[in-house]
Amino acid sequence: MARAAGSSTCNWNREHSCCTGSAAYFVPAVGACPFLVDRERCNFGGATFLRCRLGFAVLAMLSLLLIYSWPAGNKALALSGQLMHRASQRLKDTTRYVFAVCRPDGLSRFSEGFAMTVRVRLIHAQVRRLLLESGQWRADAWAAPSTNATWPERT
């Protein structure tokens with residue numbers, strides 16, 4: 001299904017006008033599908049990844065380890081204690097997440113992968129907020145805690 005830039009699958013703005021602060025921006029964004037998304041290609045890529053099975057080995061033995069060892073990517077994990085105390089559980093959660101989003105229509109509005117994505121976004125936002133409030137985060141040296149989408153800019 002083709003989608004116009006900026007179109008949304010729901011009217012959260014009108015239906016949930018009680019949202020304030022950050023939620024007023026986040027809730028409507030959850031219903032919007034970026035115009036660059038090609039659902040057929042997502043499904044093809046997910047099916048290929050799941051069929052190959054080597055992808056999970058690469059994820060577990062290389063990709064996540066590299067991200068966790070990358071200074072721009074591990075500061076939030078290290079300061080939160082999640083890298084030290086929950087690395088095994090994070091690996092399991094990430095594997096479950098990848099499997100969910102790679103299933104057919106795994107990122108469609110009411111799929112398990114979509115729900116997991118929203119939950120992860122909220123958790124990461126909360127962690128970034130708590131890091132800023134903790135006084136441990138050195139914004140002068142590291143800029144603001146960010147999503148991994150900005151990591152290449154920060155190395």
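Let me make sure I get this right: for segment 24-155, a, b and c are the square roots of the gyration tensor eigenvalues over alpha carbons, sorted descending. Under 1.5 in a/c it's rounded, otherwise prolate if a/b > b/c, else oblate. Which is it?
Numbers: a/c = 2.01, a/b = 1.37, b/c = 1.47.
Oblate.
How large is ³J(HN,Hα), in whole Hz, for each residue of segment 96-102 in order, when computed from phi with the Karplus curve 6.51 cos²θ - 1.76 cosθ + 1.60 and θ = phi - 60°, using x for Gly and Pro?
The phi angles translate into 4, 5, 4, 4, 5, 6, 7 Hz.
Amide H of A32 versus every other amide H placed in the peptide plane: which residues, excluding those fewer than 5 positions away on the same chain, fall under 5 Å?
When sequence neighbours closer than 5 places are left aside, the close amide H contacts are T9.
Could you tell me the distance between the Cα centroids of segment 88-112 and segment 48-73, to the nearest Å?
After rounding, the separation between the Cα centres reads 14 Å.
Using a cut-off of 13 Å between beta-carbons, work out the net charge of the residues near L59 (Lys and Arg +1, Asp and Glu -1, L59 not included). Please list the in-between numbers first.
On the way: positive: R53, R90, K92, R96; negative: D93.
Residues near L59 contribute +3 overall.
Exposure proxy check: D105, D140 ranked by fewest other beta carbons within 10 Å?
Values: D105 15, D140 6.
Final ranking by Cβ density, sparse to dense: D140, D105.
Find out how many positive minus negative residues lie around E112, taking Lys and Arg as positive, Asp and Glu as negative, among other residues whose Cβ is under 11 Å from that of E112.
Values: positive: R96, R103, R119; negative: D105.
In short, +2.
Measure off 7 Å from each Cα along the Cα-to-Cβ vector at L130 and Q89, then give the distance between these two points in nanometres to one decimal.
A separation of 1.1 nm, rounded to one decimal place.
FYI, it's all coordinate maths here, none of it is from the lab. Nothing here was measured: the structure is a model prediction, and the numbers come from that model. In this analysis, Cβ positions are derived from the backbone assuming ideal geometry, glycine residues included, and neighbour counts consider all displayed protein chains.
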